[in-house]
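Beneath this line is the structure, given in structure tokens, with notes to follow.
The values are calculated or read from the model by the stated rules, or taken from the named source; none is laboratory data. As the structure is a prediction and not an experimental result, all values here were calculated from the model. Ideal geometry is used to build each Cβ from the backbone, glycine not excepted, and the neighbour counts take in all protein chains shown.
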Amino acid sequence: MLWPTICIDDFFNDPLSVKNFADTLDFKKDPEGKWPGERTELLHNINSDFFNYTTVKIMSVLFPMNYKKLNWKATQMFQRTDGNIYNNNGWVHTDFDEFTSIIFLSNHKKCGTSLFKKKK
């Protein structure tokens, strides 16, 4: 299935509180190098209320008329990367048979994700 690219400004009413929550968690690198930077454990195991709130909000954007009637499987975690490590190499994000939601909590402008080509 093809998923649309959607950009939602101000996804969280209080993004600083979400960032502060993330800062209290432990982050680890993937031992096999499957993703850049570090990730937390799955959020449904850490804070199911936050996980449910965020996941339902994402699904309601994609399926505004019937998200309450849908069943889905989801994983969610926080991830942080140091952009200086990847300099000009970038990282190509690829998923198969699923869609990905990315919510940026950075308060600086030199960050982001390229959806179509590598980005410096």
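For the reader, a short list of remarks on this structure follows.
- Selection from the range 18-38 of residues that are loosely packed, with under 11 Cβ neighbours inside 10 Å and at pLDDT 95 or above: Thr24, Asp26, Lys28
- Scan of the range 36-80 for residues that are among the hydrophobic types (A, V, I, L, M, F, W, C) and not in a helix (DSSP H, G or I), ordered by number: Leu42, Phe63, Met65, Leu70, Trp72, Ala74, Met77, Phe78
- Within the range 35-79, the set of residues being in contact with a strand residue (DSSP E or B) (Cβ under 7 Å, 6 or more places away or on another chain) and of a type in the set (S, T, N, Q) comprises just one member, Gln79.
- The one condition from (1) closer than 13 Å to Leu105 by Cβ; (2) under 14 Å from the mean Cα position of the chain (by Cα); (3) surrounded by fewer than 11 Cβ atoms within 10 Å (Cβ to Cβ) that Phe12 does not meet is (3).
- In the range 59-100, residue surrounded by the fewest Cβ atoms within 10 Å (Cβ to Cβ) [restricted to those that are within 11 Å of the chain's Cα centre (by Cα) and at pLDDT 85 or above]: Thr75
- Subset of the range 15-35 (residues that are assigned to a loop (DSSP other than H, G, I, E, B), among the hydrophobic types (A, V, I, L, M, F, W, C) and within 17 Å of Leu105 (Cα to Cα)): Leu25, Phe27
- Residues satisfying the criterion are absent from the range 39-52 (criterion: aliphatic (A, V, I, L, M), surrounded by 14 or more Cβ atoms within 10 Å (Cβ to Cβ), within 26 Å of Lys109 (Cβ to Cβ) and out of contact with any Pro (no Cβ under 7 Å at 6 or more places or on another chain)).
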